[in-house]
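Let me begin by presenting the structure, written as structure tokens, before commenting on it.
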Amino acid sequence: MGPEGDGAPDVAAATGVPEAPAGFVGCDETIEKLYFYLDGELTEQRRIEIARHLDLCGPCVGAYGFEAELRKLVVSRCHDRVPDALRARVADALRAESNTAAD
Ligand SMILES: [Zn+2]
């Protein structure tokens, strides 16, 4: 907690990721950009930043994974049918979500 390492911004404190390197994007920004990331609408630089964040941040990986599954679900529905394995995974995720809210 001492005033050491002055000069570099305290990225670790700002993002909650202890090993956050310089230039690390925060959780809020990552989540915000996830939708563009999933749509492939980000620049290469942004994709790298977010991929690096997902490498280090568990909660965001969970959010990204869930959104990615949903996106794939929607895409596959448009084409043909939803694979059973994927449908089961999404159903599990939704069930786990509501279980935390229930008893
Ligand atoms: Zn994060």
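The values are calculated or read from the model by the stated rules, or taken from the named source; none is laboratory data. Only a predicted model underlies this, so the values are computations on that prediction, with no experimental measurement involved. All accessible areas refer to the heavy atoms of the entire protein, side chains included, with ligands and DNA or RNA removed. Shrake-Rupley method; radii C 1.70, N 1.55, O 1.52, S 1.80 Å.
With every protein chain in place, what's the accessible area of residue 56 (1.4 Å probe, Å², nearest 10)?
60 Å²
Accessible surface of residue 95 in the full protein assembly, 1.4 angstrom probe, to the nearest 10 Å²?
Per-residue accessible area (residue 95): approximately 130 Å².
Leaving out ligands, DNA and RNA but keeping every protein chain, what accessible area does residue 84 have, in Å² rounded to the nearest 10, with a 1.4 Å probe?
110 Å²
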